[in-house]
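Report on one structure; see the data block that follows.
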Amino acid sequence: MPKQLIIDGKEITVEDGITLLQACEQAGAEIPRFCYHERLSIAGNCRMCLVEVQGSPKPVASCAMGVNDLPPNRDNTPKVISTKSATVKKAREGVMEFLLINHPLDCPICDQGGECDLQDQAMAFGAGGSRFEENKRAVEDKYLGPLIKTSMNRCIHCTRCVRFMTEIAGVEELGAIGRGEDMEITTYLERGILSEMSANVNDLCPVGALTHRPWAHNARPWELRKTESVDVMDAVGSAIRIDVRGREVMRILPRNNDAVNEEWISDKTRHVADGLRTQRLDQPYVRKDGRLVSASWQEALALVAAKLKAASGDRIAAIAGPLAGAEEMFALKDLFHRLGSTNVDCREDGAKLDPAAGRASYIFNSTIEGIEHADAILLIGTNPRLEAAVLNTRIRKRWRQGGLAIGLIGEQVDLTYPYDYLGSGGQTLRDLADGKHAFAAKLQAAKAPLIIVGSAAIARTDGQAVLAAAARIAVAATQGKDPAWNAFNVLHAAASRVAALDLGFVPAKPASTGVDSFVAAAETGALDVLFLLGADDIDMSRLSKTFVVYQGSHGDAGAHRADVIFPAAAYAEKSATYVNTEGRAQMTAKAAFPPGDAREDWTIIRALSPLVGHTLPYDSINVLRAGMYKAAPALAAIDRVAPAEIKAVAALASVKGTVKDEPFRAAVKDFYLTNPIARASAVMAEMSALKKAAGKAAGLAAAE
């Protein structure tokens, strides 16, 4: 029941079960803290959050005291709490003095300077000096991998990093040894932490003991221009902040978005920034005598226009890659349709998805936030730890609350939480769809079941049958339950995929044609022009008999094969719309300028259009977006998820087809090298090599 409290003379009613610290903040009081964090378990070991409670013989640690634990007054009057009394002030000054006994006070050379909790709270709540003259403790720095730089002399043992790695990341590799003055935070084994979420501990560290190694000593926070944007390294759409100095992206940090990523981002999202600076395409190129040579925009555009005009509509095709924004895909589809071609496709991996089946057939219908309400989850052909690391932490968060059954069909991997391994291939899926498997009973008994299908599972030749089988399981599991709960979910790995499907960036007959048929036609010479919009993950060796145009930001596989290269802006250098796996439309923001002569993607396509005799009717991005929203209204609902028609799942369940027995494979093999920007990053290359080396070492140890 609600509790009445008087905090700093202000009487408030607080909800049952919250901590005293939270109650004080609701009353408008500022409570300092180092160990307490809203998303971690309570440690109560820094004692900085002390407050005075009426009747208590000494100040109370407000983070560890629940309002329900406060003993009532004898006359049943509200408990009186003071956060600003002389007792509290003296207690906090004493705590701060103890915390600074061993701190080296090397603020001028510390990367945390300017955004350090210890700095701020020492100024606000500490005394002006220290009475201690003893020598400071010296602690050896630890190696925690290439992403985390340690200065353990600064550590105040708040244990935020330990609790994050254990509770959120699910990798129990960090802990404390020793007691009292000899206590040290360290890894259990002398090697780096290889969790996909490990660098979040740098944000959590309140003192600068853990900082970011890749950008150590590169810049100060006040030198940077900060821009709020959206991540495109996977299809989760995490909220990020891009910090820029001059024209250069210096770092990427998380922003809070409870509906998507809470306040976490993956290591790839955070440390791919150096990939934005290397292997960039900064001027147009054309191939002459077998070699790519630099050219002017006029020359490159004229050459491509001549090739497009000379070809018939059925002999040109376009493929959109994983980082393409909605605006450029809309413009490219519009241009190709005006040229008489419907040969456009976004399913670079060959996924058997058809937007004509309805939006519910290709999005994460239960929403990312909805994972916290699930009581049974079935994973089909997916490894969410690699395909969507932030989403995987949400599943782990729900598992830690208890009462969750998880089943997996596919590769048996470490997901950071236990699960029932049901089988590797199609036979298990068929049994579940027919209700013959034991896990089907758990799904039936669940109030809010989740069926999650990985993008690799539907990229097989029997992908449509896999989708239909998953839809049948979802329909059966929700029969007679909450009609608003849609249990069918597709987990995409490409940031561009949902927006492209919303725009209908697929061939006129998506079931029979697509990327595979385009590549086959190019191999035989039946295709005159192939336009690659940032598409690098197809077999370029098969394109020797066609004219290839590559439009992208990095010199990856597509650029090496191209006959003409259009240099384009990366996601941090343009304002573009991306739709995440749950169907939430979000916009990136232009944080920096593209290098050299590179241009925003849609402007390149617009500049090409008059040269082919079909001028596109938009000269500004706002006019383009007006047309795009008309074609795909879901893209206009920025930062909102509109429930898709659930009847599409029932229709999908009725599709006939046989799931083959072959085992399911995950969509992502190497978490750190999934797209051109990541493959251009030296940090990601180092992490990939370390991960492979650790895997080989583990394999040898297991063999012994």
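The values are calculated or read from the model by the stated rules, or taken from the named source; none is laboratory data. This structure is a prediction, so every number in the text was calculated from the model and none was measured. Methodologically, a virtual Cβ is constructed for each residue, glycine included, from the backbone with ideal geometry; neighbour enumeration extends over all protein chains shown. What goes into the accessible areas is simple: the full protein's heavy atoms, side chains included, and nothing from ligands, DNA or RNA. Shrake-Rupley method; radii C 1.70, N 1.55, O 1.52, S 1.80 Å.
Atom-type composition of the exposed protein surface of the range 145-261 places 46 percent of the accessible area on carbon and sulfur (1.4 angstrom probe). Comparing Cα centroids, the range 399-474 and the range 1-71 end up 43 angstrom apart. Taking θ as phi - 60° and the Karplus parameters 6.51, -1.76 and 1.60, the scalar couplings of the range 20-35 work out to 5, 4, 5, 5, 5, 5, 5, 7, x, 8, 9, 10, x, 7, 10, 7 Hz in sequence order, x denoting glycine and proline. What percentage of all Cα-Cα pairs in the range 20-112 are separated by more than 14 Å? Tail of P(r) above 14 Å: 69 percent of Cα pairs. Taking Lys and Arg as +1 and Asp and Glu as -1, the other residues whose beta-carbon sits under 12 Å from that of Glu348 total -4. Please list, short to long, the whole-number percent of alpha-carbon pairs of the range 136-231 in consecutive 10 angstrom bins beginning at zero. For the range 136-231, the pair-distance distribution reads 15, 47, 28, 9, 1.
A simple count of charges around Ala680, restricted to other residues whose Cβ falls under 10 Å of its Cβ and scoring Lys, Arg +1 and Asp, Glu -1, yields +1. What the chain shows is 40 Å² of accessible area per residue, with the surface traced by a 1.4 Å probe over protein heavy atoms. Only helical runs count toward this figure. For the chain, summing -39,500 (n - 2.57) over DSSP H runs of n ≥ 4 and dividing by all residues gives -7500 deg cm²/dmol at 222 nm.
Building the convex hull from the alpha-carbon atoms of the range 622-704 and averaging its projection over directions returns 11.4 nm². Given +1 at the Cβ of Lys and Arg, -1 at the Cβ of Asp and Glu and no other charges, the dipole of the range 536-663 around its Cα centre is 440 debye to the nearest 20. Across every pair of non-identical alpha carbons in the range 353-490, the mean reciprocal distance, once inverted, gives a Kirkwood radius of 14.7 Å. Highest mean packing first, where packing is the average number of other Cβ atoms within 10 Å per residue, the peptides 344-350, 147-153 line up as 344-350, 147-153.
Think of each Lys and Arg Cβ as +1 and each Asp and Glu Cβ as -1; about the Cα centre, that makes the dipole of the range 101-186 roughly 100 debye.
Note on the range 377-436: with neighbouring protein chains present and a 1.4 Å probe, carbon and sulfur make up 41 percent of its accessible heavy-atom surface. Considering only alpha-carbon pairs that sit under 8 angstrom and 6 or more positions apart, the relative contact order computed for the chain is 15 percent. Note on Ser56: accessible area is roughly 40 Å² with a 1.4 Å probe, heavy atoms of protein only. Spin-label model, Asp120 to Glu134: label points 7 Å out along the Cα-to-beta-carbon direction sit 3.1 nm apart. Of the residues Ser41, Leu533, Pro384, the one whose Cα sits farthest towards the positive end of the charge dipole of the chain is Leu533 (charges of +1 on Lys and Arg Cβ, -1 on Asp and Glu Cβ, taken about the Cα centre). The GluC sites (Glu not before Pro) found in the range 225-310 include none that occupy coil by DSSP while having at most 14 further C-beta atoms within 10 Å. What a 1.4 Å probe finds exposed on the range 437-500 is 60% carbon and sulfur by accessible area, rounded to a whole percent.
For the range 141-209, GluC sites (Glu not before Pro) are listed when DSSP marks them as loop and at most 16 other Cβ atoms sit within 10 Å of their Cβ; the list is Glu172, Glu190. DSSP beta bridges confined to the chain are antiparallel in about 50 percent of cases. For the range 453-547, a/c is not less than 1.5, where a ≥ b ≥ c are the root eigenvalues of the C-alpha gyration tensor, and a/b tops b/c. That puts it in the prolate class.
Length available on full extension from Glu228 to Thr278: 0.36 nm per residue minus the Cα-Cα distance, which gives 15.7 nm.
Pairs of lysine residues in the range 10-96 that meet both criteria, 8 or more places apart or on different chains and Cα atoms under 16 Å apart, total 6. In this structure, the amide hydrogen of Phe547, modeled 1.01 Å from its nitrogen in the peptide plane, lies closer than 5 angstrom to those of Val529, Leu530, counting only residues at least 5 positions away or on a different chain. Roughly how many whole Å is it from the C-alpha centroid of the range 490-569 to that of the range 191-263? Between the Cα centres of the range 490-569 and the range 191-263 lies a distance of 31 Å. A cut-off under 13 angstrom between Cβ atoms defines the neighbours of Gly94, and their net charge, with Lys, Arg +1 and Asp, Glu -1, is +4.
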